[in-house]
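The structure appears below as structure tokens.
Each reported figure results from applying straightforward, stated rules to the coordinates on display, with no laboratory input. None of these values were measured; they are calculated from a predicted model. Here Cβ is always computed from backbone atoms with ideal geometry, including for glycine, and neighbour counts include all displayed protein chains.
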Amino acid sequence: YTVLDRTYTADAAITVGGSGLDLDSDLLLIYIVVSGAMIALCTVLCIGIFLMELRARRDRKNAQSRNRQA
């Protein structure tokens, strides 16, 4: 590279090799997949509980209304 009309150079040695298995990135990927699945499962369960509570409230309201009419 050149700075103020002076040119500089650098040499670097790069070694490529290995088994191709990067344990850290593989564990990170597993963690991300499992975490995503757990988040999705919890979300579905929370929505189900919420819907059951809404149904129970509606049923109680309907029962109270029928009791008043009787």
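Structural remarks
- Shape class of the chain from the alpha-carbon gyration tensor: oblate, with a/c at 1.5 or above and b/c at least as large as a/b.
- Dipole magnitude of the chain about its Cα centre (Cβ charges: Lys, Arg +1; Asp, Glu -1), debye to nearest 20: 1400 debye
- Between helix 23-69 and the chain: long-axis angle, C-alpha atoms, 0 to 90°, nearest 10: 20 degrees
- Positive-end ranking of Ser65, Ala13, Ile39 along the dipole of the chain, with charges on Cβ about the Cα centre, is headed by Ser65.
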